[in-house]
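Engineer: Take a look at the following structure, please.
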Amino acid sequence: MPTKRHFGVLLKKYNFISSSTADVFLPEESWITLGSVFRLYVSMYRFLFILLFNMPLVVQAQEAVTIVKFEDLHKELSAQSDSATVINFWATWCKPCVKELPYFEEYHRAHPEVRMLLVSLDFSEEVEKVNTFLAKKKITIPVVLLDETDYNSFIDKIEPTWSGAIPATIFLRGKKRIFVEHELVEGEIDLLIQQLNRIPE
Amino acid sequence: MMKYVPVVLLVMTLGLMSARDVAEGYQVGDVAMDFSLKNIDEGMVSLKDYSDKKGAIVIFTCNHCPYAKMYEQRIIELDKKYASMGYPVIAINPNDPTQEAEDSFEEMQKRAKEKGYTFPYLVDGTQEVAKTYGATRTPHVYLLKNDGGKFTVAYIGAIDDNHKDAKAVTKRYLEDAIQQLDAGKKVETNFTKAIGCTIKWK
C-alpha cells in the first residue's frame with residue numbers, strides 16, 4: 001500500500017501545479033480568482049475521485065469468460081513461452097477446485113510475469129453462473145470455458161498421465177512441464193514453480 | 001527449529017499427494033479383488049454373489065457430482081438392459097461423506113429410492129476398493145468378466161462420449177465393450193478417460 005499512497009500524493013501534486021498555475025495568474029478581477037480557487041478545489045477532488053475509483057483497476061477486472069473448443073486450448077498449451085505458464089482445470093461445482101482458487105489468484109497478483117489461465121469445465125449453458133462466481137470471488141486471472149463432450153479424445157493430448165479428475169494443474173516453461181492432479185495447498189504453487197525452474201533445460 | 005515444521009509438513013503432504021498422482025490400480029486383464037460392502041438395504045454385497053453371472057459393471061459413482069448426476073438415468077438403463085444379459089450394475093460410492101454431506105449413507109438411500117435403482121448402491125467406507133481398483137473420479141467404470149469365478153477387468157473408463165446429452169452420444173464405449181465381451185471378441189477400446197469429480201479421499 002505505501003507505493004499506492006505515494007503515487008497518489010504525486011498525482012495530486014501534479015494536478016495542483018498543472019491546472020492551477022495558469023488559472024491563478026490569468027484573472028485580474030477577484031471573483032475570477034475566487035472561481036479559480038474553486039476550480040482548483042474541484043480539480044483536486046476530481047483527482048482524488050479518479051484516484052479512489054480507478055486505483056483498483058490497476059489490478060485488472062475479470063472479463064466475461066470466453067467459451068472455447070479443444071483446438072483453441074491446444075494452441076494455448078503448445079504456445080512455448082520463456083516465462084512460466086500455469087493452467088488450472090476447474091469448475092464452480094468442484095469443491096476442492098474452489099478451495100485452491102484463492103492460492104492461484106494470490107500468486108497471480110504477486111507474480112504478474114507468470115502467465116495463468118483457468119480452464120473451466122462448467123457447462124457452457126451455465127456460463128453466466130461462472131461469470132457471477134468469478135466476480136464474487138474477485139478473480140482476475142483470465143478464464144476460458146472448455147465446451148467439449150468427448151473428453152476421451154483429448155485428455156491425453158493435454159496430459160497423458162491425467163485421469164480426468166479435477167482439479168488438475170499444468171506448470172509449463174518452454175519444454176519443461178509439471179502436472180499435478182490434486183488440490184493444491186497453500187504455498188504449493190510457489191514450490192512447484194521453483195521445482196519447474198530447477199528442471200534442467 | 002519450530003519454524004521449519006510447517007515446511008516439513010508441506011513437503012510430506014506433497015510426497016503423499018504425488019504418490020497418488022502415479023497411475024495405480026487395475027489395468028485391463030488384472031484380476032479384481034473381491035469385496036464385501038454395505039448396501040443401501042443394510043445387507044452386504046460381494047463379487048462372489050455374482051459368480052453365476054457372466055460379469056459385472058462396477059461403477060464408482062456418488063450423489064453430489066454433477067457428472068454422476070448426468071449419468072444416473074443412463075446407469076439405470078444400463079442395468080435394465082444388461083443385467084438380464086448377465087452383466088448387472090454394481091454402484092459403489094467411495095466418497096468421504098464428511099467432505100460431501102450429499103454422499104452420506106442416508107442420502108444414498110434417499111437417492112436410490114427416488115430414482116428407483118434396480119442395482120446395489122454400496123458404501124466403500126474405507127475407500128480400499130476404490131484405491132485398489134485405481135478409481136480417481138466419479139463416475140468411473142470397471143467392466144468385469146467372470147472367468148470361472150475370478151473376475152478380470154475387461155474395460156476401464158467412461159460410459160460414453162457425451163455427458164451432457166444421452167441422445168447426442170456417438171461412441172458408446174461401455175456398451176461396445178460389453179457387446180464385444182459377450183460375443184467373445186476382443187474389446188477394441190478397453191480404456192477411456194473422462195472428466196469427473198475427484199474422489200473425496202479421507
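Engineer: Using a 1.4 Å probe on the protein chains only, how many percent of the accessible area of the range B:25-198 belongs to carbon and sulfur?
Structural biologist: On the way: 3540 of 7190 Å².
Its accessible area is 49 percent carbon and sulfur atoms.
Engineer: Separate question: If you find the alpha carbon centre of the range A:75-119 and of the range B:150-202, how far apart are they in angstrom?
Structural biologist: 31 Å
Engineer: Could you tell me which of A:97, A:107, A:162 has its Cα farthest along the dipole of the range A:66-198 towards the positive end, charges placed at Cβ (Lys, Arg +1; Asp, Glu -1), taken about the Cα centre?
Structural biologist: Of A:97, A:107, A:162, it is A:107.
Engineer: Is the shape of the range A:56-161 best called rounded, prolate or oblate, per the rule: a/c under 1.5 gives rounded, else a/b larger than b/c gives prolate, else oblate, with a ≥ b ≥ c the square roots of the Cα gyration tensor eigenvalues?
Structural biologist: Working: a/c = 1.73, a/b = 1.19, b/c = 1.45.
Taking the square roots of the gyration eigenvalues as a ≥ b ≥ c, the range A:56-161 is oblate.
Engineer: Here's another thing I want to ask about it. Return the value, in Å² to the nearest 100, of accessible area buried between chains B and A (probe 1.4 Å, both sides summed).
Structural biologist: 2400 Å²
Engineer: Which FRET efficiency value, to the nearest 0.05, do you get for residue A:124 and residue A:80 by plugging their Cβ-Cβ distance into 1/(1 + (r/R0)^6) with R0 = 30 Å? Please report the intermediate quantities before stating the final value.
Structural biologist: On the way: r = 29 Å, r/R0 = 0.96.
It comes to 0.55.
Engineer: If you don't mind, another one. Output needed: Cys residues of chain B lacking any neighbouring Cys C-beta below 4.7 Å, sorted by number.
Structural biologist: B:62
Engineer: Using a simple charge model, +1 on the beta-carbon of Lys and Arg, -1 on the beta-carbon of Asp and Glu, nothing else, what dipole does the range B:25-198 show about its Cα centre, in debye to the nearest 20?
Structural biologist: Numbers: 23 positive and 26 negative charges, 114 e Å.
Roughly 540 debye for the range B:25-198.
Engineer: Would you be so kind as to list the residues of the range A:91-130 that have their accessible area lowered by at least 40 Å² in the full protein complex compared with their chain by itself (1.4 Å probe)?
Structural biologist: Buried by 40 Å² or more upon assembly, which counts only protein chains, are A:93, A:95, A:123.
Engineer: Using a 1.4 Å probe and counting only protein heavy atoms, arrange A:179, A:104 so the residue with the most accessible area comes first.
Structural biologist: Details: A:179 35, A:104 0 Å².
Output order, biggest surface exposure first: A:179, A:104.
Engineer: Also, I was wondering about something else. Rounded to the nearest whole Å², what accessible area per residue is found for the range A:66-198 with the 1.4 Å probe?
Structural biologist: Working: 5750 Å² over 133 residues.
Per residue, the range A:66-198 has an accessible area of 43 Å².
Engineer: Rounded, prolate or oblate: pick one for the range A:118-201, where a ≥ b ≥ c are the square roots of the eigenvalues of its C-alpha gyration tensor, a/c under 1.5 means rounded, and failing that, prolate if a/b is larger than b/c, else oblate. Each step should come with its number before you reach the end.
Structural biologist: Details: a/c = 2.35, a/b = 1.36, b/c = 1.73.
Oblate is the answer for the range A:118-201, as a/c is 1.5 or above yet b/c matches or exceeds a/b.
Engineer: While we're on this one: By how many degrees, between 0 and 90 and to the nearest 10, does the Cα long axis of helix B:173-182 differ from the longest principal axis of chain B?
Structural biologist: Computed tilt is about 50 degrees.
Engineer: How large is the accessible surface of residue B:26 in square angstrom, using a 1.4 angstrom probe and rounding to the nearest 10?
Structural biologist: My reading of the accessible area for residue B:26 is about 40 Å².
Engineer: Ok, one more. What shape does the range B:121-202 have by the C-alpha gyration tensor, where a ≥ b ≥ c are the square roots of the eigenvalues, rounded means a/c under 1.5, and otherwise prolate means a/b greater than b/c and oblate the rest?
Structural biologist: On the way: a/c = 2.44, a/b = 1.14, b/c = 2.14.
Oblate, because a/c is 1.5 or more while a/b does not exceed b/c.
Engineer: May I pose another question? Could you name the lysines in cross-link range of residue B:171, using Cα to Cα under 24 Å and dropping any fewer than eight places away on the same chain?
Structural biologist: Counting by Cα, and skipping residues close in sequence, residue B:171 has these lysines nearby: A:69, A:157, B:54, B:69, B:80, B:81, B:145, B:185, B:186, B:193.
Engineer: What accessible area per residue, rounded to a whole number of Å², is obtained for chain B using a probe radius of 1.4 Å?
Structural biologist: On the way: 9500 Å² over 202 residues.
Per residue, chain B has an accessible area of 47 Å².
Engineer: With both partners inside the range A:66-198, how many of the DSSP beta bridges are antiparallel, as a percent to the nearest 5?
Structural biologist: Details: 10 of 22 bridges.
Roughly 45 percent of the DSSP beta bridges within the range A:66-198 come out antiparallel.
The values are calculated or read from the model by the stated rules, or taken from the named source; none is laboratory data. Note that the structure is predicted; figures quoted are calculated from it, not measured. Please note: Cβ atoms are built from the backbone with ideal geometry, for glycine as well, and neighbour counts cover all protein chains shown. Ligands, DNA and RNA are stripped out before the accessible areas are found, and what is left, the full protein with its side chains, is counted by its heavy atoms. Shrake-Rupley method; radii C 1.70, N 1.55, O 1.52, S 1.80 Å.
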